[in-house]
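The values are calculated or read from the model by the stated rules, or taken from the named source; none is laboratory data. All values derive from a computational prediction rather than experimental measurement. Neighbour counts are summed over all protein chains in view; Cβ atoms, including those assigned to glycine, are modelled from backbone coordinates with ideal geometry. Keep in mind that these areas ignore ligands, DNA and RNA; they rest on the heavy atoms of the full protein, side chains included. Shrake-Rupley method; radii C 1.70, N 1.55, O 1.52, S 1.80 Å.
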Amino acid sequence: MADETIFEQDGAVAILTFNRPEARNAMTWGMYEELGATCERVDADDSIRVLVLRGAGDKAFVSGTDIRQFLEFKTKEDALGYEARLDKSIGRLAGMKKPVIALLNGDAVGGGLFMAISCDVRIAAEHVRFGVPVARTLGNFPQPANYSRLCAAIGIVRARNLVLTARLMGAQEALATGLVDEVLPADKIEARVMELAQRMAKHAPLTMSTIKEAARRQTESFEIRDAEELMLACYLSEDFQEGVRAFLEKRTASWQGR
């Protein structure tokens with residue numbers, strides 16, 4: 001997995017790069033595992049105070065899960081296993097004790113958007129777009145915990161609109177909705193993120209970790225009740241299988257509602 005993710009450390013700042021630019025940094029199962037392992041490593045290492053996430057290249061931060069892996073989905077256990085995998089990776093990211101900055105120099109779509117909103121600070125280049133276009137692409141239900149975090153970040157109405165319309169939100173709109181904290185020219189973003197990361201690395205660790213925990217507790221009200229039935233209704237459908245095949249075959253899906 002060394003070629004799909006790159007871990008570096010610059011003083012008290014750790015940087016994890018998702019390194020599949022030829023696939024728009026789509027996440028493999030191994031990359032999800034590496035994300036979770038990196039979160040554990042950073043939280044346990046007293047020499048690291050801040051984690052920065054970034055994608056290789058300027059086309060995508062992360063474009064979601066590698067769709068080919070969904071061809072294996074046939075049973076309830078497959079769907080629930082995927083949810084558990086995301087909890088161990090993106091869920092672990094959201095549970096970090098130390099601050100995380102998302103350096104968004106490319107589109108954050110699907111799982112990439114959910115990873116970005118699980119970070120504490122999000123700084124985007126002017127060309128970056130955001131979205132969860134599953135209603136147009138795969139016909140699945142977003143992982144419940146991730147969708148809850150999206151609702152907490154931009155509100156239930158905006159989150160619902162983003163999924164139902166399957167549109168991609170531009171960087172300036174993302175700034176206006178609070179989805180990102182800053183928007184900068186692409187050639188300025190790396191320096192800004194590293195300057196901020198080095199500055200935050202000097203802040204009081206207990207203040208930062210307790211504020212993060214307070215925010216997590218405040219967002220618990222967005223948890224979706226009985227979410228498993230919603231997720232399975234999509235993942236075990238004929239439409240989902242059609243969506244996966246259509247995506248890989250580069251054609252428009254023929255949705256049947258079953």
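Is one or more of the residues making up segment 30-46 out of contact with any His (no Cβ under 6 Å at 6 or more places or on another chain) and more than 22 Å from Asp87 (Cα to Cα)?
Step one: list which residues in segment 30-46 are out of contact with any His (no Cβ under 6 Å at 6 or more places or on another chain), which gives 30-46.
Now restrict to residues that are more than 22 Å from Asp87 (Cα to Cα): 46.
Yes - at least one qualifying residue is present in segment 30-46.
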Identify, from the list Glu33, Glu77, the residue that is acidic (Asp, Glu) and touching a Ser or Thr at 6+ places or on another chain (Cβ under 9 Å). Glu33
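Just checking, which of Arg68, Arg41, Arg92 is free of Cβ contacts under 8 Å to residues at least 60 places away in the same chain, assigned to a helix (DSSP H, G or I) and either of a type in the set (Ser, Thr, Tyr) or within 22 Å of Gly131 (Cα to Cα) (or both)?
On the way: Arg68 fails: free of Cβ contacts under 8 Å to residues at least 60 places away in the same chain; Arg41 fails: either of a type in the set (Ser, Thr, Tyr) or within 22 Å of Gly131 (Cα to Cα) (or both).
Just one listed residue meets the conditions, Arg92.
Counting just the residues of segment 232-254 that are part of a helix (DSSP H, G or I) and open to solvent by 60 Å² or more (accessible area, probe 1.4 Å), which one comes out nearest to Gly81 (Cα to Cα)? Before the answer, list the steps.
Narrowing segment 232-254 to residues part of a helix (DSSP H, G or I): 232-235, 238-248.
Right, trim to open to solvent by 60 Å² or more (accessible area, probe 1.4 Å) and you get 233, 238, 245, 247-248.
Details: Ala233: 15, Glu238: 19, Arg245: 21, Phe247: 22, Leu248: 22 Å.
So the residue we want is Ala233.
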Tell me, yes or no, whether segment 9-27 has at least one residue that is over 18 Å from the mean Cα position of the chain (by Cα), assigned to a loop (DSSP other than H, G, I, E, B) and more than 25 Å from Leu196 (Cβ to Cβ). no
When you check Val193 against the structure, is it more than 30 Å from Asp239 (Cα to Cα), assigned to a loop (DSSP other than H, G, I, E, B) and touching a residue at least 60 places away in the same chain (Cβ under 8 Å), yes or no? no
If we ask which residues in segment 105-135 are closer than 16 Å to Leu86 by Cα and among the basic types (Lys, Arg), their number turns out to be 0
Quick check, is Ser237 among the hydroxyl-bearing types (Ser, Thr, Tyr), closer than 30 Å to Pro99 by Cα and touching a residue at least 24 places away in the same chain (Cβ under 8 Å)? no
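Just give me the residues in segment 214-228 being surrounded by 12 or more Cβ atoms within 10 Å (Cβ to Cβ), part of a helix (DSSP H, G or I) and either at pLDDT 95 or above or not aliphatic (A, V, I, L, M) (or both), in sequence order. If you could, list the steps in order and put the result at the bottom.
Of the residues in segment 214-228, the ones surrounded by 12 or more Cβ atoms within 10 Å (Cβ to Cβ) are 215-216, 219, 222-224, 227-228.
Remaining after also requiring part of a helix (DSSP H, G or I): 215-216, 219, 222, 227-228.
Answer for segment 214-228, where residues must be surrounded by 12 or more Cβ atoms within 10 Å (Cβ to Cβ), part of a helix (DSSP H, G or I) and either at pLDDT 95 or above or not aliphatic (A, V, I, L, M) (or both): Ala215, Arg216, Thr219, Phe222, Glu228.
Give the number of residues within segment 2-30 that are within 20 Å of Ser63 (Cα to Cα), of a type in the set (A, V, I, L, M, F, W, C) and either in contact with a Ser or Thr (Cβ under 8 Å, 6 or more places away or on another chain) or crowded, with 22+ Cβ neighbours inside 10 Å (or both).
7
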Say we look at segment 173-187 and pick out the residues that are in contact (Cβ under 8 Å) with a residue 12 or more places away in the chain and assigned to a helix (DSSP H, G or I); which of these is most open to solvent (accessible area, probe 1.4 Å)? Leu175
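Could you please let me know if Glu33 is under 19 Å from Asn140 (Cα atoms), out of contact with any Lys or Arg (no Cβ under 7 Å at 6 or more places or on another chain) and of a type in the set (D, E, K, R)?
Values: under 19 Å from Asn140 (Cα atoms): no; out of contact with any Lys or Arg (no Cβ under 7 Å at 6 or more places or on another chain): yes; of a type in the set (D, E, K, R): yes.
No, not satisfied.
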Out of curiosity, is Ala166 surrounded by fewer than 23 Cβ atoms within 10 Å (Cβ to Cβ), closer than 26 Å to Lys250 by Cβ, out of contact with any strand residue (DSSP E or B) (no Cβ under 6 Å at 6 or more places or on another chain) and of a type in the set (A, V, I, L, M, F, W, C)? yes
For segment 118-152, which positions are surrounded by fewer than 21 Cβ atoms within 10 Å (Cβ to Cβ), in contact with a Lys or Arg (Cβ under 9 Å, 6 or more places away or on another chain) and either of a type in the set (Ser, Thr, Tyr) or assigned to a helix (DSSP H, G or I) (or both)? Pro133, Cys151
Return the residue satisfying two criteria in turn: it lies in segment 199-213 and is open to solvent by less than 60 Å² (accessible area, probe 1.4 Å) and not small (Gly, Ala, Ser), and of such residues it is nearest to Gln69 (Cα to Cα). Lys212
